[in-house]
Amino acid sequence: MPFQIRALNTDSHTADQLCTLLIETVANGESVSFMHPLAPDAAAAFWASSLAAASRGERIVLGAWQDGTLIGTVTLLLDFPPNQPHRAEIAKMMTRLGHRGQGVATALLQEAERMAAQEGRTLLVLDTATDGGAAGLYEKMGYTLAGEIPDFALKPFGGLTGTLLYWKRLGKGV
Ligand SMILES: CC(C)(COP(=O)(O)OP(=O)(O)OC[C@H]1O[C@@H](n2cnc3c(N)ncnc32)[C@H](O)[C@@H]1OP(=O)(O)O)[C@@H](O)C(=O)NCCC(=O)NCCS
């Protein structure tokens, strides 16, 4: 079934949907900065802060919608120091469990790259967990592995995982 991608704003339906997606992802044991169980209040506080930053132009939070349900999201971080005006970072890429394997993350990433290029950014960076992260997706999308940092973070149910650092140059035609 088709889905639509758009930049997200602060409204209660969007915030609720983002919280559902984040809590589901963490409960599935996937590394997106939080430990399981993620309390609804903590998830709501995270997204309120993120959407406030988006309203200040410091980031873009993209959502993929299908029939009023948010089935995926990705964040493009734009707020970098004065000596890195050409750089942006991909973060918080998640697809609802029941909607995986249908190209949602690929489409979100393509749109994030298009918006980054539109913002004049020519270098994207990201990191993803060594255990259970999305390295395959990023490599398929042309990201280059810079290296791995071992024991970088705790997984949602405990135990350490490394992180893989990736980069991609954005050229004309992205
Ligand atoms: C990673 C994630 C966003 C992918 O979402 P998705 O919508 O299912 O991705 P797509 O359908 O666009 O998949 C695109 C391709 O990447 C591959 N891929 C997706 N997730 C992958 C993973 N975790 N590892 C390896 N390859 C992966 C798919 O197999 C697919 O390849 P194919 O077209 O050859 O079959 C989803 O698995 C997820 O939410 N994971 C939990 C959160 C997470 O780890 N996010 C990354 C944080 S950096």
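Please treat every number below as a calculation from the coordinates, not as lab data. The shown structure was predicted, so the numbers you read here are calculated from the model rather than taken from an experiment. We place every Cβ from the backbone using ideal geometry, glycine too, and count neighbours over all the protein chains shown.
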| request: Scan ARG87, ARG100, ARG114 and give me the residue that is surrounded by fewer than 18 Cβ atoms within 10 Å (Cβ to Cβ), out of contact with any helix residue (DSSP H, G or I) (no Cβ under 8 Å at 6 or more places or on another chain) and touching a residue at least 60 places away in the same chain (Cβ under 8 Å). | output: ARG114
| query | Filter the range 14-46 for residues that are touching a residue at least 12 places away in the same chain (Cβ under 8 Å), out of contact with any strand residue (DSSP E or B) (no Cβ under 8 Å at 6 or more places or on another chain) and more than 27 Å from ASP151 (Cβ to Cβ); which is surrounded by the fewest Cβ atoms within 10 Å (Cβ to Cβ)? | reply | PRO40
| message | Among the residues in the range 48-62, are any outside any helix (DSSP H, G or I) and within 13 Å of the ligand (Cβ to nearest atom)? | response | yes
| said: I need a count of the residues in the range 74-88 that are out of contact with any Leu (no Cβ under 6 Å at 6 or more places or on another chain) and either within 16 Å of the ligand (Cβ to nearest atom) or hydroxyl-bearing (Ser, Thr, Tyr) (or both). | reply: 3
| task | State the number of residues belonging to the range 6-25 that are over 18 Å from HIS99 (Cα atoms) and not in a helix (DSSP H, G or I). | result | 5
| Quick one: MET93 ticks every box in (1) touching a residue at least 24 places away in the same chain (Cβ under 8 Å); (2) within 14 Å of the ligand (Cβ to nearest atom); (3) over 18 Å from PHE3 (Cβ atoms) bar one, so which box is it? | (3)
| message | I'd like the full set of residues that are part of a helix (DSSP H, G or I), within 11 Å of the ligand (Cβ to nearest atom) and acidic (Asp, Glu), limited to the range 103-146. | response | GLU139
